[in-house]
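Coordinate-derived values only; no laboratory data. Please read all numbers here as calculations on a predicted model, not as lab measurements. Cβ: placed from backbone, ideal geometry, glycine included. Neighbour counts: every protein chain shown.
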Amino acid sequence: MPKADAPTDLARVARAILLGVACVLLALVVVYNEWTLLPLARGEFSPLTRERIRALQLGFALAGGLVAALAVAVGRIPPLSRLFRARGVTPLLLTLAALLPFLLLDFGLRPFVDAKTNLFERDERLGWKMVPGAAGAWGEVRVEVNARGLRGPVVPDARAPDTRRLLFLGDSVTFGYGVAPPDATFPFAVGRALEPPLGRRVEVVNAGVGGYSPWQQLAWFEQEGRALAPDAVVVGFVLNDVTEKLALVRYGGRGEGWQLARTAHSSLERFLSGSALYTTLREGAAVLRFGRDVRFGAAAVETRDVRQLIEDPRRPEFERAWKITLNNLERLFGLARERAVPALLVVFPYALQLEAPVAAAGPQRRLADFAREHGIEQLDLLPVFAGQESLFLDASHLSEAGHAKAAAAIAPRVAALLGAAP
């Protein structure tokens, strides 16, 4: 007769399953390392980073150790062995055994998927906008959205008489993608630099939103920006402002924008987006249905299109995109002129232009010609950043040091617009 506390057949099965899971988890500690995974990174926006990989390794190691300890306990601790004699344990054990492969697959896919965000929502007029009061991770940093749906502190509706107010329009570069403290972005650095020459406090409104192009900046300025009564407007322009819109349904594409493609739009989707397996299946289905436009915001695609814009500018789709873009800029600066608000167009380079700034400056020359023709103040930052790729986080976004350098070039021009000595 077997002893009362000897492991039952179910206990042996449980121990075997647990030991198998522990072995898989511990094997993943070896397989999931920066040497095998980082070469698979999908461009600058890939979720594969050394920090994430190391955190995942630690999680696998801890989980594997706990499961292995439980497997040993099932065989050696009588109460756990007796547990598997209880009614209903067999179906539960079989259910867990069936789910384990999916759970392991979910864990294994986590380094290869981007987490969904709650920072954006659809907007009929703008395409998308940031959710007022939202907070979450974006660009590997925590982002907090103020009550106006912008980044940074909220300015009052009415401007105090002893202050100056600067409004910055732009995309993710102006927003400060990848830069954690809002006051480290160039709009706020410009504001601080202008306080001594102006002799008064400077309020800054950073209305930069990821993915925005001049058509969205124009729409936002018409309804929200003018009401803030800024003393000056700075419009940040990046070369993908020309090409990016072509992927949107509004302009004949099939996509909804990178921001919305990375957004969980319902409570159920936010819950399910915690699963890497669900996210992988969802994105795979979206690619099959919509084509690569759902990923149009990826850095590799943007860089490819910007390179083509530089090397083959006369392509019909680029000519169409330039016509739309310049028309929106003309209208935007016209609205500022109607309000007697001085405005500055600041053109940011792409990192790929920095090695040969003269040869790659075709888009900047086209913008300069446009600005002269329409009496628009313009600042080209390509000469400022030439040969300084280290100031970029990726193909287009600036590091904190890059934002500081941009601010140092922009501040004197804004001071001149306001009639102050730099």
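Count Lys and Arg as plus one, Asp and Glu as minus one, and take only other residues whose Cβ is under 15 Å from that of residue 372; the net charge is then -3.
Label-to-label distance, residue 123 versus residue 408, with points set 7 angstrom from Cα along the beta-carbon direction: 3.4 nm.
Placing a pseudo-label 7 Å from each Cα along the Cα-to-Cβ vector at residue 103 and residue 192 gives an inter-label distance of 4.8 nm. One decimal place: the segment residue 180-residue 229 gains 14.8 nm when fully extended, by the rule 0.36 nm per residue minus the C-alpha distance. For every other residue with a beta carbon closer than 13 angstrom to the beta carbon of residue 219, add +1 if it is Lys or Arg and -1 if Asp or Glu, then tell me the sum. Residues close to residue 219 contribute a combined charge of +2.
With the simple model of a label 7 Å out from the Cα in the direction of the Cβ, residue 319 to residue 23 spans 6.6 nm.
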